[in-house]
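Visitor: Here it is, the structure, as structure tokens.
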Amino acid sequence: MNGRVKILIVGHGVLGGAVLDFLSQSGRPYDLHVGARDLQRASLRVNLAKYTAVNLGLSPAIEVVPLDLMNTEATAERLAVLRPDIIFNATTLHSWWRITQLPADAYQQIDRARGGVWTPMHLMLVRRLMRAVRDAGVESIVVNASYPDVTNAALAAEGLSPTIGIGNIANAVPGIRLAAAHLLGCELKAVDVQFFAQHYVSYRMPSTGSTNGAPYHLTIYRNGQKVRPQELGHNEIFANVAGRFRRVKGLAGQSVTASSAIAILRAFADQLERVVHAPGPLGLVGGYPVRIAPTGISIELPQGLSLDDAVEINSQCQKYDGIEAVESDGTVRFTGESAGILRELLGYDCEAMALDECEQRADELAAKYSQYCNHLQS
């Protein structure tokens, strides 16, 4: 990347707005652009970011650009003109927190289906974005926030996988490091981890102190030396993550997810070499430690763990999130249990979704969910 790095943020809601704030307060000479359908609403959010930055003695360059992902041709034309170095996708048709706003009993019932069943609504917009990137002929790095554990892998079948995802596994790593440092009696900077797990573990373990049997791989290092399991057990670490180091969650805790995006975006923008944790790198299912470097990205593997082993761990782990498999042609198969819960509660019957079906399925699921919510209110 030569000169000022051009970053396009697509979506300016809770997460996209927080990422905009972090970038505009970084003091780095980025050219920031916010793509939106509602230009007036986006302009208000951009001005909020500018006001905050000015109070900090900064004057970031931020522009709003018209962008409607539902119009792939127009999006491609816009990208061809703008030619962003980096695109951050913060769009989805179903934000994760929507079901948390249901009445408690209804939330507990539908949450049994886990996160994977909403894949059609996470996949639709990022798929259109990636088609536009391809059609525009740009070589933008695309960082995806829309359920990248699954959507990145599904899109890989079409050669449309984003570069990398954010959040999820990355949200669990700070707590693990804090807990390990506390239990080892050392400074945080002495502790590094290599953690392999799908989205399910990243939200389950910090809340309950357990993975509920979902597979993962975790290696702890102190001053570069591997800590033996007999020195520090994972159960003890996880209990401390959910106890002593428990954090604010939900919408109020979105700064953790946003900061994971910033770590990745700045590594690319500033051409740094940095190891991060991220979901969906290289079109793989689940989450991994990833080395970002000016030459590209690669998976950081501990001694004794192969990439095939790491992928298999994530493939098995995703079943706990309601995903039976992401097949080589991009078809997403849901577990019978999760599909059955949505069939029972919403009347939505989908055990497998081919990529070409994702928009039809997204529309159907959105309609069924809306009917469900209306019924609860009646």
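Visitor: Which cross-chain or sequence-distant (5 or more) residues have an amide H under 5 Å from the amide H of residue 31, H modelled 1.01 Å from N in plane?
Guide: 5, 6, 7
Visitor: Heads up, I need the accessible area for residue 245: 1.4 angstrom probe, whole protein in place, Å², nearest 10.
Guide: 60
Visitor: Compute the FRET efficiency between residue 4 and residue 352 as 1/(1 + (r/R0)^6), taking r as their Cβ-Cβ distance and R0 = 45 Å, and round to the nearest 0.05. Kindly include the intermediate steps, with their values, before the conclusion.
Guide: Values: r = 45 Å, r/R0 = 1.00.
It comes out at approximately 0.50.
Visitor: How much accessible area per residue does the stretch 321-378 have, in Å², with a 1.4 Å probe? Intermediate results must be reported in sequence, preceding the final value.
Guide: Values: 2890 Å² over 58 residues.
I get 50 Å² per residue for the stretch 321-378.
Visitor: When a/c reaches 1.5 or more, the comparison of a/b and b/c decides; with that in mind, is the stretch 16-100 rounded, prolate or oblate per its Cα gyration tensor? Let's see the in-between values first.
Guide: Details: a/c = 1.97, a/b = 1.26, b/c = 1.57.
Oblate, since a/c reaches 1.5 and b/c is not below a/b.
Visitor: 222 nm [θ] for the chain, helices only, -39500 (n - 2.57) per DSSP H run of 4+, per residue, to 500? Walk me through the intermediate numbers first.
Guide: Details: 13 runs with 166 residues, N = 378.
Helix-only estimate at 222 nm: -14000 deg cm²/dmol.
Visitor: Same structure again: Can you pull the accessible area of residue 208 for me, 1.4 Å probe, Å² to the nearest 10?
Guide: 80
Visitor: Quote the accessible area belonging to residue 249 in square angstrom, nearest 10, computed with a 1.4 Å probe and with ligands, DNA and RNA left uncounted.
Guide: 70
Visitor: Subtracting the Cα-Cα distance from 0.36 nm times the residue separation, let me have the gained length for residue 367 to residue 307 in nm, one decimal. Write down the numbers at each step before the final one.
Guide: Details: separation 60, 0.36 × 60 = 21.60 nm, distance 3.97 nm.
That pair, residue 367 and residue 307, stretches by 17.6 nm at full extension.
Visitor: Which of [x] 146; [y] 170; [z] 156 is the computed volume of the Cα convex hull per residue in Å³ for the structure on display?
Guide: Entry [x].
Visitor: Leaving out ligands, DNA and RNA, and with a 1.4 Å probe, what % of the accessible surface on the stretch 1-156 is carbon or sulfur? Please report the intermediate quantities before stating the final value.
Guide: Working: 3190 of 6650 Å².
Ligands and nucleic acids excluded, carbon and sulfur give 48 percent.
Visitor: Further question: Per residue, how much accessible area does the stretch 1-110 have with a 1.4 Å probe, in Å²? Walk me through the numbers on the way to the answer.
Guide: Details: 5570 Å² over 110 residues.
Per-residue accessible area for the stretch 1-110 comes out at 51 Å².
Visitor: Sticking with the crude label model, points 7 Å out along Cα→Cβ, report the distance from residue 182 to residue 14 in nm, one decimal please.
Guide: Placing both labels 7 Å beyond Cα along the Cβ direction yields 2.5 nm.
Visitor: Which FRET efficiency value, to the nearest 0.05, is calculated for residue 234 and residue 207 with the Förster distance at 25 angstrom and r the Cβ-Cβ distance? All intermediate terms of the calculation are to be shown ahead of the outcome.
Guide: Working: r = 16 Å, r/R0 = 0.64.
After rounding to 0.05, the efficiency reads 0.95.
Visitor: In addition: Skip the ligands, DNA and RNA, and give the accessible area per residue of the stretch 126-267 with a 1.4 Å probe, whole Å².
Guide: Numbers: 5460 Å² over 142 residues.
I get 38 Å² per residue for this part.
Visitor: Let me ask you something else. What's the longest bit of the chain with no exposed GluC sites (Glu not before Pro), using DSSP loop states and at most 11 other Cβ atoms within 10 Å as the test? Please list the in-between numbers first.
Guide: Details: sites that count: 139, 187, 231, 273.
It runs 1-138.
Visitor: Please identify, among 329, 308, 363, the residue showing maximal mean-square fluctuation in a Gaussian network model of the chain using a 10 angstrom Cα cutoff.
Guide: Highest fluctuation of the listed residues: 308.
The values are calculated or read from the model by the stated rules, or taken from the named source; none is laboratory data. Please read these numbers as outputs of a predicted model, since none were measured by experiment. Neighbour counts are summed over all protein chains in view; Cβ atoms, including those assigned to glycine, are modelled from backbone coordinates with ideal geometry. In case anyone asks, the SASA skips ligands and DNA or RNA and just uses the protein heavy atoms, side chains included. Shrake-Rupley method; radii C 1.70, N 1.55, O 1.52, S 1.80 Å.
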